[in-house]
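Structure record follows, encoded as structure tokens.
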Amino acid sequence: MIDTEKFDPLAYVTAVAPAMGFDFPPDRLAELAEAFALVVRVGLPALTTEVPAESEPAPVFVA
Amino acid sequence: MTLHTLTAVQLTGKIHKGEVTATEAVIDALGRIESLNPTVNAFTTIIADRALARAAEIDAMLARGEEAGPLAGVPFAAKNIFDVAGVKTIAGSKIEQRRSPAASDGFAVASMERAGAICVGCLNMDEYAYGFTTENSHYGPARNPHDLTRSAGGSSGGSGAAVAAGLVSLSLGTDTNGSIRVPSSNNGIWGIKPTYGRLSRAGGIMFVPSLDHVGPFARSVADLALGYDAMQGEDPDDPAQTWHGYQPVSGLLSQGIAGLRIARLGGHFAQGGMDCVQDAAASVAAALGATETVELNLAAAGRAAAFLITASEGANQHLDDLRTQSDNFEPLTRDRLLAGALLPAQWVVHAQRVRSHYRDEVRALFRHWDILIAPATPAPAMPIGQAMLEINGASVPLRASFGVYTQPISCVGLPVIAAPIQNAHGNLPVAVQLIAAPWAEDVLFRAAAELERRGLCSAPVAPAFV
């Protein structure tokens with residue numbers, strides 16, 4: 001799901017932010033890249049977990 | 001007569017007997033709020049006129065011999081994410097000041113008032129509930145009544161501080177990733193995050209709809225039960241509610257724990273916390289006769305999934321404002337929301353599938369156990385302004401890490417009671433999570449009452465505020 005060796009948060013944020021309608025100067029993009037990198041770092045255990053094919057994304061909690 | 005140290009049950013008992021009027025109870029609460037709130041900064045709005053008018057109605061009902069409800073005359077307050085008629089619902093933000101005042105109470109507030117409780121104000125919180133510290137630069141930080149230099153936790157920090165300081169005996173909060181359980185731990189009070197879908201969230205501002213819960217805080221288990229019972233009710237306005245019928249717990253508190261299968265969670269939940277929080281979990285386990293330690297597979301992945309889903313779904317609530325007025329967001333919130341807005345869709349869908357897979361692991365474990373025990377927070381309340389948390393020699397970002405033990409539980413909607421232990425680290429309290437299978441809040445209340453009876457868990461008014 002993610003190659004942490006190749007993933008560059010600043011390059012990603014710089015490329016995607018305008019497409020999502022955000023217009024930030026370079027210094028703000030750098031700050032945003034830091035925030036994005038933190039999300040990736042904390043989210044990594046999920047991104048690196050393999051799931052069975054039958055695991056659906058629907059949030060159903062009923063026991 | 002000193003009223004602020006009374007529990008809600010004790011106070012309404014005196015009101016029902018005519019020893020105190022509801023008006024006197026509200027005046028007493030308003031006086032304490034006026035004199036002490038500048039110290040703890042728990043309240044952002046005080047609604048004295050409405051509260052006094054409602055108290056007069058309660059007094060008149062009781063004078064006529066009418067039933068005024070199980071919480072008759074008890075002052076309470078609600079996190080400012082809940083609609084309260086006549087008050088702007090701001091969710092800790094500057095941006096939502098653009099709103100008109102709410103036309104009516106949200107479901108939870110209205111339910112408490114139907115039970116006779118009287119809303120006296122609205123409470124401080126992290127902006128849009130995205131935080132664990134209530135260090136809100138718009139309205140100031142909520143301060144911990146046990147140590148005013150420390151955080152009251154978040155995001156329901158004002159709800160925690162108001163109860164611990166004895167400003168009210170009951171408050172309402174929300175919990176998406178730990179926002180009831182973290183303030184319970186920091187402030188040393190009881191809190192319940194019910195099963196996802198149990199209590200209506202309608203009438204307020206959502207944070208992450210697929211993870212949002214509401215629940216009460218209190219200083220006794222009986223009060224917590226009364227608040228929880230009052231908040232129950234079918235509500236077609238909350239599309240996530242799964243109505244299971246009215247299932248009150250107040251009558252179950254004396255049942256004890258005989259027959260309950262209780263274990264302590266190891267693995268993820270035994271790592272990364274200070275010794276005092278692990279000691280607290282161990283003492284609760286011992287008191288409840290839990291001799292086995294079990295592992296919840298994929299807990300770390302579940303926590304990470306919750307983090308990703310929160311970032312993405314939370315950002316989706318505020319996309320327009322992030323594009324047009326990002327400078328008006330709380331700085332601690334803004335960049336987390338912006339990062340969430342940029343997450344690749346495939347990562348978010350994968351996180352949702354991890355949540356689903358993890359849920360199946362949780363279901364399997366609860367075939368063998370009724371209650372699982374884990375710390376609520378990795379540490380007691382931290383100093384306001386502190387950005388990093390030192391745990392076992394490692395330095396981790398505090399604001400992202402304080403939910404390390406709560407997020408794996410709310411990720412799949414399990415019900416939890418946060419049980420407080422005083423003086424766990426010097427004069428600071430911590431809380432321990434009692435976790436059950438979906439819809440089994442009843443066993444949690446039985447265990448919580450047992451811990452209170454044994455004297456291990458309690459939630460008195462913080463010593464400096466008695």
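The values are calculated or read from the model by the stated rules, or taken from the named source; none is laboratory data. Quantities reported herein were computed from a predicted structural model and do not represent experimental measurements. So basically every Cβ, Gly included, is an ideal-geometry build from the backbone, and we count neighbours across all protein chains shown. Only protein heavy atoms, including side chains, enter the accessible area calculation; ligands, DNA and RNA are left aside. Shrake-Rupley method; radii C 1.70, N 1.55, O 1.52, S 1.80 Å.
Taking the criterion of being charged (D, E, K, R) and facing chain A (nearest Cβ under 8 Å), would at least one residue in the range B:350-357 satisfy it? Checked the range B:350-357: at least one residue is charged (D, E, K, R) and facing chain A (nearest Cβ under 8 Å). Among the residues of the range B:314-323, those that are open to solvent by 40 Å² or more (accessible area, probe 1.4 Å) and either at the interface with another protein chain (Cβ under 9 Å from one of its Cβ atoms) or acidic (Asp, Glu) (or both) comprise B:320, B:323. Among the residues making up the range B:247-266, those that are without any contact (Cβ under 8 Å) to a residue 60 or more places away in the chain and open to solvent by 20 Å² or more (accessible area, probe 1.4 Å) are B:248, B:251, B:258, B:259. In the range B:410-421, is there at least one residue being touching a helix residue (DSSP H, G or I) at 6+ places or on another chain (Cβ under 9 Å), of a type in the set (Val, Ile, Thr), within 14 Å of chain A (Cβ to nearest Cβ) and open to solvent by less than 10 Å² (accessible area, probe 1.4 Å)? Among the residues of the range B:410-421, at least one is touching a helix residue (DSSP H, G or I) at 6+ places or on another chain (Cβ under 9 Å), of a type in the set (Val, Ile, Thr), within 14 Å of chain A (Cβ to nearest Cβ) and open to solvent by less than 10 Å² (accessible area, probe 1.4 Å), which makes the answer yes. Residue-level check: of (1) within 30 Å of residue B:372 (Cα to Cα); (2) surrounded by 21 or more Cβ atoms within 10 Å (Cβ to Cβ), residue B:349 misses just (2). Of the residues making up the range B:303-332, those that are more than 16 Å from residue A:42 (Cβ to Cβ) and part of a helix (DSSP H, G or I) number 11. Of the residues making up the range A:12-63, those that are surrounded by 11 or more Cβ atoms within 10 Å (Cβ to Cβ), small (Gly, Ala, Ser) and more than 7 Å from chain B (Cβ to nearest Cβ) are A:15, A:30, A:33, A:37.
Within the range B:237-246, none of the residues are under 21 Å from the mean Cα position of the chain (by Cα), under 30 Å from residue B:289 (Cβ atoms) and open to solvent by 10 Å² or more (accessible area, probe 1.4 Å). Within the range B:141-188, the set of residues being more than 13 Å from the chain's Cα centre (by Cα) and in a loop (DSSP other than H, G, I, E, B) comprises B:141, B:142, B:145, B:146, B:165, B:166, B:167, B:168, B:169.
When the range B:352-397 is filtered for residues that are open to solvent by less than 40 Å² (accessible area, probe 1.4 Å), farther than 15 Å from residue B:307 by Cα and without any contact (Cβ under 8 Å) to a residue 24 or more places away in the chain, the ones remaining, listed by number, are B:364, B:389. Of the residues making up the range B:200-219, just one is farther than 22 Å from residue B:318 by Cβ and open to solvent by 10 Å² or more (accessible area, probe 1.4 Å), namely B:219.
Do we have residue B:306 as crowded, with 24+ Cβ neighbours inside 10 Å, at the interface with chain A (Cβ under 8 Å from one of its Cβ atoms) and of a type in the set (A, V, I, L, M) here?
Answer is no for this residue.
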